[in-house]
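Report on one structure; see the data block that follows.
The values are calculated or read from the model by the stated rules, or taken from the named source; none is laboratory data. As the structure is a prediction and not an experimental result, all values here were calculated from the model. Cβ: placed from backbone, ideal geometry, glycine included. Neighbour counts: every protein chain shown. Keep in mind that these areas ignore ligands, DNA and RNA; they rest on the heavy atoms of the full protein, side chains included. Shrake-Rupley method; radii C 1.70, N 1.55, O 1.52, S 1.80 Å.
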Amino acid sequence: MTPAPAEGGTRMAGEAPRVAPAGPARASAHARVAPRRRGSARDRATALLFLAPSLLVFATFVFYPLARSIYLSFFANDLLGAPVAFVGFEQYLRIVTDPRFAQVMTTTAWFVVLTVIPSIAIGLGLALLVRPKIAGIGLFRTLLATPFAFSAAAAAVVFDVFYRPGIGLFNGLLSYIGVPPVDWLTSPTAALPSLALAVVWRHAGYTMLVCLAGLESIPDALYEASRIDGASRLAQFRYISLPLLTPTLFFLAVISTIHALQTFGEIKILTHGGPAGTTTTLVYSLYETAFGLGSSDYGLASAQGVLLMLIVLVITVVQFRVLGRRVFYA
Amino acid sequence: MIVDKLPRQVRAGGRIASRIARILALACLALAAVQPAVAAEEAVTLWHSMGGRNGEALNALVDEFNTAQAGKIKVTAIFQGPYGDALAKLKAAIQSKQLPDVVQVNEIGSRLVYDLKITVPFGDLAKGAGLDTNDLLKGIVAYYTVDGKLLSLPFNASAPMLYYNKTAFKEAGLDPDKPPRTLAEVRTAAEKLVVRQGDRTTRYGFVATIDGWLMEQFYGRANLEYCNQGNGRNGLATAVNWNIPETRDIVTWWGAMMRDGVGLSAGRQNNDGIAAFTSGRAAMLIFTSANMRDMIRESKFDVGVAPYPAPKAGMDGQVLNGGASIWVIKGKPAAKQAAAAKFVAYLGSPEAQAQWSTRTGYIPVNAKAVDLPAFQQAVARNAEFALPSKALAGVASTPASRGCFMGVMPEARQKMNDAIESVILGRDTAEHALADGQQTMAASIAAYNRAIGK
Amino acid sequence: MTGSALRRAWRAGYYALLVAVAAVVLFPLYYAVAGSLMTDAALVAFPPALFPTELAWRNYARVMQAFPLARQYVNSMVVSLAIVAGVVVTSVLSAYAFVFIDFPFRRTAFAAFMATMMIPVESLIIPKYLLVADLGWINSFPGLIVPFVATGFGTFLMRQFFLTFPGELREAARLDGCGHWRFAWTILVPLSKHGLGVLAVYSFIAAYNQFFWPLLVTNTPDMQTLQIGLASLDTAEARAPSLIFAGVVVAIAPMLLLFYVFQRNIVRGLTAGAVK
């Protein structure tokens, strides 16, 4: 589950900043096909042929499942998950009224906050650290980006061993400096931050790479000019780097949020949604409802899937709106 | 409103989509060729949840069977993760009609598998496959018997035990030959066993993982039924029997042990409890016998094993059998089903059970296994190996010790975990947590009973 | 102190900081490697050892023997590469249609393509599972691959790329009697190597990292991808951390190597779109 190329299909968010600059190009694309008629029959056939593979996949694995998901969310089901009774909005009502779901939504929100903000802050910090073009900096850039070469599962497994109460490396390290052990994954207060740490460790490698690319795209001339004006490093960061990096950071915030909403592997490996449900996010709750504990409550799980989709939809739309303004400003 | 026509329409939609997707599949023909070829002998697939050393022990049995049946039957054992994950896989596999031939399900999943109607009662197959079910321990067979029919082979049966560090007992001035017998005694002993350095605890007196299974065992010891309808044995259970003084006392005791720093709560991962005990960080552990062999070997001190403590003095109920049983999936070709039954029968044979038992800590469910030299020798080396069987000698003699037979038991165990956890953390009182849990379970049970059409 | 001495001291301090930060960031990797060479006794001791005192190479032999990690590695590669190939082909074709061919409902079709990107796969996981089950694709390569061989993102990315070509290019080719198909594959694709590389890297990482879907649709270790294999190793050998570490090292070593060798391309692929 990499951040930008997330497991899901929501990754275009990452491309949005490109949309705007491509604006003029899009106009020319239309102009390019002249004269303005709807193509020859031959062209139409070719277009259909070219689109057919993608359309087939989308129809089968996106649009049809989408319809069935919504359909299933209006039904109660038997032990095997087959829909047996139309219940209208009852599944959605269960989500809204069950206090357990309130906890799921709060947990999801906290998980987003605890992963997105630290990974961007750390990524930016690391990027600034390795920005100076000094001898051997390439090595450090590579080293600091290394966690990203871990897959989500590999990182989670490693942290899982580190966190163990009995054999835990982390508690061992704490004991060397005289700090009492922490119940990393077993205390309801520590579990979510611990889970977030494992995610952030890996994700910060990615945010660093993106921030670094953003920093490198800022013309050196700007820094030169400011240096002549006697600007301090801090002032340079505040008045040059940060504003010009805003679209990049905003992009990272959106992509990381969507990524966080989709996170599953780390939760499955590290906490199974526990303790006491304190790390059960929406996606994990969906999994538990549909497949966990021998239950096959596909109706309720589908309703949660629809909810997840709506949340991602809203974020995407907001992102388009905001970026539409931001990018030109930048 | 029941719309019985709609699913069919959806199915039709599914079929059209299927057809479309099949066209796409052409692209994958080359890859499909990589699929394993059909073997000449009868291939039997077993899904199980035995990891680590116990997994190795199971693989050894499978290898032995395969060698003996070379050319005729080949069993492939596939680890599907812990019991919960494996059960989820099983449910999903019903959808895809890719069920294994034989599957291991833990005891609390029994009612669910029974209701899913995907298995052949093992009692119908055992004789033909060469196993006399009369040789199996009656009490344990009772757990897996419905309407007089044995549903599955109780392959790995375990008993809860109290493990204690004899070396630490001596250090603390306790008699290593007189382990505590009640929860109150556990508390007293644990207090003496705690070692503190400043504000750091270097040794806890007691450790337990948060595991509802341990609570189910206390029900057995207290001779109380866990769910109504005679533990779900006389009819469909409709409620759990949680919010009672006895249970509240146990949960309160549990919470106090941990909150007072006398005991260590090892979270929900069994391995963490074992690690805390075998590394000497905690001097007593209540835990299943399933890993006894491994634990004794790993510990650097003298391990004592004692009967599971009673909630209160004077309570002399029975512990229940934990572990899992093995089910034969129905709807397979006759030859395959026969091969599967033969394998399961082998797993229940005296030889297999003696080997299995001594390599793990599960009890030998075949009464004849205890007479075999392999088992005798193991007991001669470690007298402890005889204890789990002794603990389960009287299982199923009362409704309480037959264990609750209920479809949502997996969820109940998890909910019980939540209740215990919230009390340990001081977030809730035992009374409130149990009342709450009982109420949530009532809704789940009702939903389940509705889903099976009752 | 002279200016140059001061600068030297500052520089030395900066390197020290870099080394310290790198040490913290890389510690989990270090300990996974170190732990893979320790005995379980050393790892389970409290506090655990920080360096291996004897090199327990047998951990690698044990984990490779007990778990089909090599096979799972092949599975991951087959699945990821097949998805990359599929995505590249479908994306080039559809992007070409959107850019170079005028046809009715072009905008609507493009909107539909874009819409697919706003739907998280997790939302559709149940009906998708049921569909793939109906197809009999559970525990097979088609089940792992086919649902992912077209993405709205791929089309979008290639479309953006194609839009940078001047319209005259197609016009000139058309006058030379070069049809759409030939133009697309013999002229456009070779000119789009950079964009294709970006898409390939992007798709590969996404496919390689998948967890939820492969967990659901695979049943046997020999069909599982590496990610699922690692999770299964973590639960099966929960009491033998040295084996878990050895398995993780085996699993990530090739990826680390790829990452170090192709870092430039990977960075370009990952940051596509993040920076203008």
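So how much accessible surface do C and A hide from each other in total, probe 1.4 Å, in square angstrom to the nearest 100?
Chain pair C/A: roughly 10200 Å² of buried accessible area.
Just from its helices, what would the mean residue ellipticity at 222 nm be for chain C, if runs of 4 or more DSSP H residues each count -39500 (n - 2.57) and the sum is divided by every residue, rounded to the nearest 500 deg cm²/dmol?
Calculated mean residue ellipticity at 222 nm is -22000 deg cm²/dmol.
Local charge sum around B:R248 (other residues, Cβ-Cβ under 13 Å, Lys/Arg +1, Asp/Glu -1)?
-4
To the nearest 0.05, what FRET efficiency results for B:A43 and B:D132 with a Förster distance of 25 Å applied to their C-beta separation?
E between B:A43 and B:D132, to the nearest 0.05, is 0.40.
Give the residues of region A:129-164 whose amide nitrogen is closer than 19 Å to a point set 7 Å from the Cα of C:L258 in the direction of its Cβ.
So the set is A:142-143, A:145-157.
How big is the C-alpha Rg of region B:134-259 next to the rule-of-thumb value 2.2 N^0.38 Å, as a ratio?
Rg over 2.2 N^0.38 Å, computed on Cα atoms: 1.36.
Could you list which residues have their amide H under 5 Å from that of B:M161, counting only those 5 or more apart in sequence or on another chain, with H placed in the peptide plane?
B:F287, B:T288, B:S289
Probe radius 1.4 Å, ligands and nucleic acids ignored: give me the carbon and sulfur share of the accessible area of the protein assembly as shown as a rounded percent. Kindly include the intermediate steps, with their values, before the conclusion.
Working: 24870 of 40170 Å².
Summing carbon and sulfur atoms, their accessible area is 62 percent of the total for the protein assembly as shown.
Dipole of chain C, Cα-centred, from +1 at each Lys and Arg C-beta and -1 at each Asp and Glu C-beta, to the nearest 20 debye?
840
For the pair C:L50/A:S226, report the inter-label distance in nm, with labels modelled 7 Å from Cα in the Cβ direction.
Spacing of the two 7 Å Cα→Cβ label points: 3.9 nm.
Counting just the Cα atoms, what span does the protein assembly as shown cover along each of its three principal axes? Round to the nearest Å and put the largest first.
Answer, in whole Å and largest first: 94, 84, 56 Å.
Which residues, if any, in region C:46-62 lose at least 10 square angstrom of accessible heavy-atom surface (probe 1.4 Å) when the other protein chains sit next to their chain rather than the chain being alone?
C:F46, C:P47, C:P48, C:L50, C:R62
Give the span of region C:3-62's Cα atoms along each principal axis, as three whole-Å numbers ordered largest to smallest.
Taking the Cα atoms of region C:3-62, the three principal extents are 57, 25, 18 Å.
Over region A:98-329, consider all pairs of different Cα atoms and compute the Kirkwood hydrodynamic radius from their mean reciprocal separation; express it in Å, one decimal.
For region A:98-329, inverting the mean 1/r across all distinct Cα pairs yields 19.8 Å.
Just in region B:61-101: which trypsin sites (Lys or Arg not before Pro) are loop by DSSP and have at most 13 other Cβ atoms within 10 Å?
B:K72, B:K97
Per residue, how large is the accessible surface of the protein assembly as shown? Use a 1.4 angstrom probe and give square angstrom.
38
Leaving out ligands, DNA and RNA but keeping every protein chain, what accessible area does B:T133 have, in Å² rounded to the nearest 10, with a 1.4 Å probe?
50
Could you name the aspartates and glutamates in cross-link range of B:K72, using Cα to Cα under 13 Å and dropping any fewer than eight places away on the same chain?
Partners within reach: B:E41, B:E42.
Could you list which residues have their amide H under 5 Å from that of A:V84, counting only those 5 or more apart in sequence or on another chain, with H placed in the peptide plane?
Long-range HN contacts for A:V84: A:A76, A:N77, A:D78.
Over chain C, what is the relative contact order in percent, taking alpha-carbon pairs closer than 8 angstrom and at least six residues apart?
The normalised contact order for chain C reaches 32 percent.
Quick one: 3J(HN,Hα) in Hz for region A:178-195, Karplus 6.51/-1.76/1.60 with θ = phi - 60°, rounded, Gly and Pro as x.
x, 9, x, x, 10, 7, 3, 9, 9, 9, x, 7, 8, 4, 5, x, 5, 4
Taking a 1.4 Å probe, which of A:W201, C:W57 shows the most accessible area, and what order do the others take after it?
From most accessible down to least: C:W57, A:W201.
List the residues of region B:262-276 that lose 40 Å² or more of accessible area once all protein chains are present, compared with their chain alone (1.4 Å probe, heavy atoms only, no ligands or nucleic acids).
B:N271, B:D272
To the nearest 100 Å², how much accessible surface do chains B and A cover up together, summed over both, with a 1.4 Å probe?
3200
Going down the list B:K166/B:K192; B:K117/B:K149; B:K74/B:K336; B:K166/B:K300; B:K91/C:K128; B:K332/C:K128, which pairs span over 18 Å between their C-alpha atoms?
B:K332/C:K128
What is the sum of charges, Lys and Arg at +1 and Asp and Glu at -1, for the other residues whose Cβ falls under 13 Å from the Cβ of B:E191?
Working: positive: B:R187, B:K192, B:R196, B:R203; negative: B:E185, B:D260.
The answer is +2.
Could you give each residue of region A:44-57 its phi-based ³J(HN,Hα) in whole Hz, using Karplus coefficients 6.51, -1.76, 1.60 with θ = phi - 60°, and x for Gly or Pro?
Per residue, the Karplus-derived 3J(HN,Hα) values read 4, 5, 4, 4, 4, 4, 5, 7, 3, x, 5, 4, 4, 5 Hz.
Sum -39500 (n - 2.57) across every DSSP H segment of at least 4 residues in chain B, then divide by the residue count to get the 222 nm mean residue ellipticity, nearest 500.
So the helix-based figure for chain B works out to -14000 deg cm²/dmol.
Please identify which residues in region A:90-130 have an amide N closer than 19 Å to a label point set 7 Å out from the Cα of C:A20, following the Cα→Cβ vector.
A:122-130
Where a ≥ b ≥ c are the square roots of the eigenvalues of the C-alpha gyration tensor, would you call chain C rounded, which needs a/c under 1.5, or, failing that, prolate if a/b is larger than b/c, or oblate?
Judged from the Cα gyration tensor, chain C comes out oblate (a/c at least 1.5, b/c at or above a/b).
Put a dot 7 Å past each Cα toward the Cβ at A:A235 and C:A111; how far apart are the dots in nm?
5.1
In region B:82-111, what residues drop by 30 Å² or more of accessible area when the other protein chains are put back, versus the chain on its own? Use 1.4 Å, and skip ligands and nucleic acids.
Residues of region B:82-111 that lose at least 30 Å² of accessible area once the other chains are added: B:D85, B:A88, B:K89, B:K91, B:A92, B:Q95, B:S96, B:Q98.
Provide the per-residue ³J(HN,Hα) series for region B:367-374, in order, calculated from phi with Karplus coefficients 6.51, -1.76, 1.60 and θ = phi - 60°, each as a whole number of Hz, with x at glycine and proline positions.
Ordered by residue, 3J(HN,Hα) equals 4, 6, 5, 5, 8, 6, x, 4 Hz.
Describe numerically, in nm with one decimal, the distance between label points set 7 Å from Cα along Cα→Cβ at A:L310 and at B:A334.
Output for this residue pair reads 5.6 nm.
Could you compute the FRET efficiency for A:R44 and A:I70, with r as their C-beta to C-beta distance and R0 at 22 Å, rounded to 0.05?
The calculated FRET efficiency here is 0.10.
Would you please give the residues with an amide H less than 5 Å from that of B:T45, counting only those at least 5 places away or on a separate chain, with H modeled from the backbone geometry?
B:T76, B:D101, B:V102
Have a look at C:P120, C:G167, C:T108 and report the one farthest towards the positive end of the charge dipole of region C:67-236, computed about the Cα centre with Cβ charges (Lys/Arg +1, Asp/Glu -1).
Result: C:G167.
Just to verify a number: FRET efficiency for A:I218 and A:Y176, C-beta to C-beta distance, R0 = 35 Å, to 0.05?
Efficiency computed from Cβ-Cβ geometry: 0.25.
So how strong a dipole does region A:183-312 carry about its Cα centre when Lys and Arg Cβ are +1 and Asp and Glu Cβ are -1, to the nearest 20 debye?
Once rounded to the nearest 20, the dipole reads 120 debye.
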